[in-house]
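Notes follow once the structure below has been shown.
The values are calculated or read from the model by the stated rules, or taken from the named source; none is laboratory data. Every value quoted in this text rests on a predicted model; they were computed, and no experiment measured them. FYI the Cβ positions are ideal-geometry reconstructions off the backbone, even for glycines, and counts take in every protein chain you see. For accessibility, only protein heavy atoms count, side chains too; no ligands or nucleic acids. Shrake-Rupley method; radii C 1.70, N 1.55, O 1.52, S 1.80 Å.
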Amino acid sequence: MTDTLPDRAVDSEHFRRALAVHAAGVVVITAQTDGIPVGLTATSFSSVSLDPPLVSFYVDQSSTTWPWLRSADHFAVNVLASDQVEVAARFARKGVDRFAEPTRWRPGPLGAPLLQDVSAHLICLPHETVDVGDHTLVVGLVAEANVHSTGRPLLYHQGRFGRFIANT
């Protein structure tokens, strides 16, 4: 059955436009390897399971950050608040020191960088990785969860970052 799927698959541009209408939450995944902090912006973050507590995100296999994240013994999920557009953009950019000023962060309990002023931090242990298409699915076991603010989340929609406005 999978042999016929490539002939039926929509082209990447149509697929990209269709996915752009789906709003996604924004997180920054951070870790530290050999004393070097690394991180990237992810809009593919999702909860997987409550028991055990598992979360996931996808990372492009061509990411230069992925080899550093992969070798870390744990990682942090920094759930961004609606006013953290610049943080999301910075960690999505290539060729910059993502942890330099104006980024505000501190080492977490196990060493992974924790970004300041986020809505929540999840400290995760690597659970499983699976190569899927041109991305790698990363599943983490949540070892610690801290909620700092229940304010508005940062969202990604139609190629832009934005804020959620609840219906009243």
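In whole percents, the pair-distance distribution calculated for the chain from its alpha-carbon pairs, binned every 5 Å from zero, is 2, 8, 16, 20, 21, 15, 9, 5, 3, 1, 0.
Taking the Cα centre of the chain as origin, work out the dipole magnitude from +1 charges on Lys and Arg Cβ and -1 charges on Asp and Glu Cβ, in debye rounded to 20. Can you show the working numbers first?
Details: 13 positive and 17 negative charges, 125 e Å.
Dipole about the Cα centre, nearest 20: 600 debye.
What length, rounded to one decimal in nm, is gained on full extension from T33 through to S63, with 0.36 nm per residue of separation minus their alpha-carbon distance? If you can, show how the numbers build up before the last one.
On the way: separation 30, 0.36 × 30 = 10.80 nm, distance 1.58 nm.
Length gained between T33 and S63: 9.2 nm.
Compared with the alpha-carbon gap, the fully stretched path from S71 to S49 is longer by 5.6 nm at 0.36 nm per residue.
What is the calculated FRET efficiency for R106 to A23, with r their C-beta to C-beta distance and R₀ = 30 Å, to the nearest 0.05? Kindly include the intermediate steps, with their values, before the conclusion.
Values: r = 30 Å, r/R0 = 0.99.
It comes out at approximately 0.50.
Based on the Kirkwood approach, the hydrodynamic radius assigned to the range 8-52 is 13.7 Å, with every pair of different Cα atoms included.
Only one residue of T64, P109, L80 has its Cα farthest out toward the positive end of the dipole of the range 62-166, where Lys and Arg carry +1 and Asp and Glu -1 on Cβ, and that residue is L80. Helical runs (DSSP H, four residues minimum) scored at -39500 (n - 2.57) apiece and divided by the length of the chain put the mean residue ellipticity at 222 nm at -4000 deg cm²/dmol.
For the chain, what does the accessible surface come to per residue with a 1.4 Å probe? Please give it in Å².
Working: 10340 Å² over 168 residues.
Here the residues of the chain average 62 Å² of exposed surface.
With a simple spin-label model that places each label point 7 Å from the Cα along the Cα-to-Cβ direction, the separation between H14 and V96 comes to 3.6 nm. Counting other C-beta atoms within 10 Å, and keeping those with at most 16, which DSSP coil trypsin sites (Lys or Arg not before Pro) do you find in the range 66-150? The qualifying sites are R93, K94, R104.
Between D83 and A145, what's the calculated FRET efficiency when r is the beta-carbon distance and R0 is 35 Å? Round to 0.05.
On the way: r = 22 Å, r/R0 = 0.62.
It comes out at approximately 0.95.
Taking the protein heavy atoms of the range 14-67 in the context of the full set of protein chains, the accessible area attributed to carbon and sulfur is 58 percent at 1.4 Å.
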